[in-house]
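Asker: Quick one: the structure is below, questions incoming.
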Amino acid sequence: MFSLQVSDFIKIAIGAGVGAAAGAAIQRLVRRRRLRSLGFTSADLSSQETFFKKWAEITVQKMPEKISFTQIDSHSWSKASEYADAKAALERLGLERNPVFAASPQTWVVEFWTGKDDGLFGAILDSRPHGIHTEVMVSFTDGSTASFENTEDCGRRHLEKHNWIHCGTVAPQQLLETALKERPQHRVGQMRLDDCAQTYEHATNEGLAWRRKVGFSPAEMKYTYERLRRKHSPLGWFS
């Protein structure tokens, strides 16, 4: 989850070359100009600690207060083959495909998949430039949720009431098995499409409110930075 915040991380990480071998002087100049345009000062670049602290503050400032779902007629999936694989896997599990919703004011979408298990539904999410992943979410009678997703650990804290659990690059079947095994009791009844959308929207918005209150730690931002460096060449940030 929190694709909503990761998109901001990418934008800010364009200039996040602290300690990296930037290369030519012009690259260093562009980096500093972009950092200043994002709100960084020279003092913020004096050390990694001050850099990550400022990055955390800017990230919270860029977060929306809340998101709302709007049903859309169609969506061009960022990675068609990955979506096809996820779709086929959920169909084999007996889940039923539902329409796609766009999260506003952000730019990610979610397609809900309903099934026969009480309090449980699947979802395929797409967020450029991060691509596609699958989740299985469980909703409980006390209003809490747990979402099991086939993503790597993001290194960030999650609100305990609405926890997104990173299970690694596993198949949707394993997500479903994990959800049923780890949280088998106190689920709500069978969920319709409206229930799924409202549950996911509510969990996301409560998570946003909590994150605006607690902020991000420099350690969380450093972990995010290192993940971005592994995925993106530093030189590519200056193109």
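The values are calculated or read from the model by the stated rules, or taken from the named source; none is laboratory data. Every value quoted in this text rests on a predicted model; they were computed, and no experiment measured them. Counting neighbours? That spans all protein chains shown, and the Cβs are built from the backbone with ideal geometry, glycine included.
Asker: Suppose we keep only residues that are part of a loop (DSSP other than H, G, I, E, B) and modelled with pLDDT under 90 within the range 176-215. Which one would you say is surrounded by the fewest Cβ atoms within 10 Å (Cβ to Cβ)?
Answerer: Gln185
Asker: Another question, if that's okay. Looking at Ser127, Ser144, Ser139 in this structure, which one is touching a residue at least 40 places away in the same chain (Cβ under 8 Å), farther than 24 Å from Lys62 by Cα, surrounded by 16 or more Cβ atoms within 10 Å (Cβ to Cβ) and touching a strand residue (DSSP E or B) at 6+ places or on another chain (Cβ under 9 Å)?
Answerer: Ser139 is the lone residue from the list that is touching a residue at least 40 places away in the same chain (Cβ under 8 Å), farther than 24 Å from Lys62 by Cα, surrounded by 16 or more Cβ atoms within 10 Å (Cβ to Cβ) and touching a strand residue (DSSP E or B) at 6+ places or on another chain (Cβ under 9 Å).
Asker: Also: Within the range 30-72, can you find the residues that are outside any helix (DSSP H, G or I) and either over 29 Å from Ala197 (Cα atoms) or free of Cβ contacts under 8 Å to residues at least 12 places away in the same chain (or both)?
Answerer: Passing the criteria: Leu38, Gly39, Phe40, Thr41, Ser42, Ser46, Ser47.
Asker: Got at least one residue in the range 78-86 being under 30 Å from Thr41 (Cα atoms) and either at pLDDT 95 or above or in a loop (DSSP other than H, G, I, E, B) (or both)?
Answerer: No, that holds for no residue.
Asker: Checking the structure you have, find out if any residue of the range 51-67 is closer than 28 Å to Pro172 by Cβ and either of a type outside the set (D, E, K, R) or surrounded by fewer than 14 Cβ atoms within 10 Å (Cβ to Cβ) (or both).
Answerer: Yes, the conditions are met somewhere in the range 51-67.
Asker: For the range 147-175, give me the residue count where each residue is of a type outside the set (A, V, I, L, M, F, W, C), crowded, with 17+ Cβ neighbours inside 10 Å and in a loop (DSSP other than H, G, I, E, B).
Answerer: Number satisfying all stated conditions: 4.
Asker: I'd like the full set of residues that are assigned to a strand (DSSP E or B) and either buried (at least 20 other Cβ atoms within 10 Å of the Cβ) or out of contact with any helix residue (DSSP H, G or I) (no Cβ under 8 Å at 6 or more places or on another chain) (or both), limited to the range 109-124.
Answerer: Listed by number, the residues that qualify are Val109, Val110, Glu111, Phe112, Trp113, Leu120, Phe121, Gly122, Ala123, Ile124.
Asker: In addition: If you go through the range 100-132, how many residues are farther than 19 Å from Ser147 by Cα and over 20 Å from the mean Cα position of the chain (by Cα)?
Answerer: Qualifying residue count for the region: 0.
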